[in-house]
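What follows is a set of notes on a single structure, which appears directly below.
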Amino acid sequence: MKKILITGGAGFIGSHVVRLFVNKYPQYQIFNLDALTYAGNLENIVDIEKESNYTFIKGDIVDASFIDQLFAEHQFDGILHLAAESHVDRSITDPLSFVKTNVIGTMNLLNAAKTIWHGNYEGKRFYHISTDEVYGSLGSEGLFTETTAYAPNSPYSASKASSDHFVRAYGETYGLPYVLTNCSNNYGPYHFPEKLIPLFINNIIQNKPLPVYGDGKYTRDWLFVEDHAVAIDLVFHEGVNHDTYNIGGFNEWQNIDLVQLLCKIMDEKLGRPIGSSEQLIAYVKDRPGHDLRYAIDASKIHKELGWKPSVTFEEGLEKTVNWYLENQTWLNNITSGAYATYYEKQYR
Ligand code: NAD
């Protein structure tokens, strides 16, 4: 049986990856390591917590001796590393916590993997899940490819760029078998409502203002989170060692157009007159160092591994809105902070 460690599996993307792996690979033993920060929520994976091939471990990747002991005890064959501080706004107010988790935490995992594998790399793999934000900002033209030079602009993207470089360096220096992916903005169920799409869905439900940065012209590529999880599964199993893949939705939107589309879908779902949610849009002071445009060329993963998104943006948004409307208890627990007590109730 393969032992697979997934870090950050109580977070947004991690929970989808853990669910996919636990359900699809009964022959694997899946360990989900998560510190349950404000962004970690065990309610995200309540449906698989009783599966016999699944184990949850509460722990901090910044704690090197804990990580060393964990790896020595379980001798993992594969690591999918998603645990991170992930919110750009928080990185602007508290950059050091991003260095600790995203850089030192990644180093601790790399060191522990190197120690237990000890040069015997057959059947082993370290997979770092990263972001397109490491490439910095594009003008109105062009796309990020796997060879685009790194030029991170926020403390978040600088910390992810740094950890990407360490992963690559461990591959070059010690031969550690790694794969790396840089993905665009994800959206979908279980997204913490500090991020744009779930924040706006929640605010529209509650008739609260929709804060749009600057002039709303910032452009992002959006990918449905379940499609990202499928890509992660493919790269983990079929990606070429020491290689990197860009993952994106072929789906660029200016923020203001996205918000208007979301308002229209929400008006229809809530039975409100079309145009009423748009009234909630409120332009707010820009984020410092805000990147104008991200756009991903995902043709390598498409050509080499046959991956492409399975849903259009309209379909993915509709699924997402439906999920939030049907899971208001989840949303209320998050917004009230009640979700944080789940671990105490369930695991103590
Ligand atoms: P998230 O913030 O929803 O989840 C992060 C998880 O990591 C949480 O469960 C949290 O408890 C855990 N965590 C944080 N610090 C930890 C620590 N010190 N030790 C152990 N666990 C810790 O993040 P997400 O949006 O799911 O992103 C997951 C990964 O994917 C990140 O590495 C992020 O950089 C990357 N990524 C995200 C996006 C996106 O659009 N969300 C896009 C591309 C790449």
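Screening VAL235 against (1) of a type outside the set (Lys, Arg); (2) modelled with pLDDT under 95; (3) outside any strand (DSSP E or B); (4) within 27 Å of PRO155 (Cβ to Cβ) leaves a single unmet condition, (2). Residues that are within 30 Å of THR329 (Cβ to Cβ), within 16 Å of the ligand (Cβ to nearest atom), touching a Gly at 6+ places or on another chain (Cβ under 9 Å) and not aromatic (Phe, Trp, Tyr) do not occur anywhere in the stretch 130-143. The lone criterion from (1) in contact with a Ser or Thr (Cβ under 9 Å, 6 or more places away or on another chain); (2) at pLDDT 95 or above; (3) more than 11 Å from the ligand (Cβ to nearest atom) left unmet by ILE92 is number (2).
How about the stretch 8-32: which of its residues are near the ligand (Cβ under 8 Å from one of its atoms) and either part of a helix (DSSP H, G or I) or on the phi > 0 side of the Ramachandran plot (or both)? Correct list: GLY8, PHE12, ILE13, GLY14, SER15. Scanning the stretch 170-205 for residues that are more than 16 Å from the ligand (Cβ to nearest atom), over 24 Å from ALA158 (Cβ atoms) and among the β-branched types (Val, Ile, Thr) returns ILE204, ILE205. Scanning the stretch 33-67 for residues that are within 30 Å of LEU199 (Cα to Cα), more than 9 Å from the ligand (Cβ to nearest atom) and assigned to a strand (DSSP E or B) yields a count of 2.
Residue-by-condition table, conditions (1) among the β-branched types (Val, Ile, Thr); (2) farther than 25 Å from ASN186 by Cα; (3) modelled with pLDDT under 95:
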| site | (1), (2), (3) |
| --- | --- |
| ILE30 | yes, no, no |
| SER65 | no, yes, no |
| GLN69 | no, yes, no |
| HIS74 | no, yes, no |
| GLU85 | no, no, no |
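Taking the stretch 276-302, which residues are touching a helix residue (DSSP H, G or I) at 6+ places or on another chain (Cβ under 7 Å), more than 24 Å from TRP323 (Cβ to Cβ) and surrounded by fewer than 16 Cβ atoms within 10 Å (Cβ to Cβ)? Matches in the stretch 276-302: ARG287, PRO288. Is it the case, given these coordinates, that LYS303 is farther than 24 Å from LEU36 by Cα and touching a Phe, Trp or Tyr at 6+ places or on another chain (Cβ under 9 Å)? No: the conditions fail for LYS303.
Checking the structure you have, find out if any residue of the stretch 262-285 is under 28 Å from ILE232 (Cα atoms), among the polar types (S, T, N, Q) and either within 16 Å of the ligand (Cβ to nearest atom) or part of a helix (DSSP H, G or I) (or both). Looking for residues that are under 28 Å from ILE232 (Cα atoms), among the polar types (S, T, N, Q) and either within 16 Å of the ligand (Cβ to nearest atom) or part of a helix (DSSP H, G or I) (or both), one finds none in the stretch 262-285, hence no.
The values are calculated or read from the model by the stated rules, or taken from the named source; none is laboratory data. Model, not experiment: these values are computed from the prediction. Backbone-built Cβ (ideal geometry, glycine too); neighbour counts: all protein chains shown.
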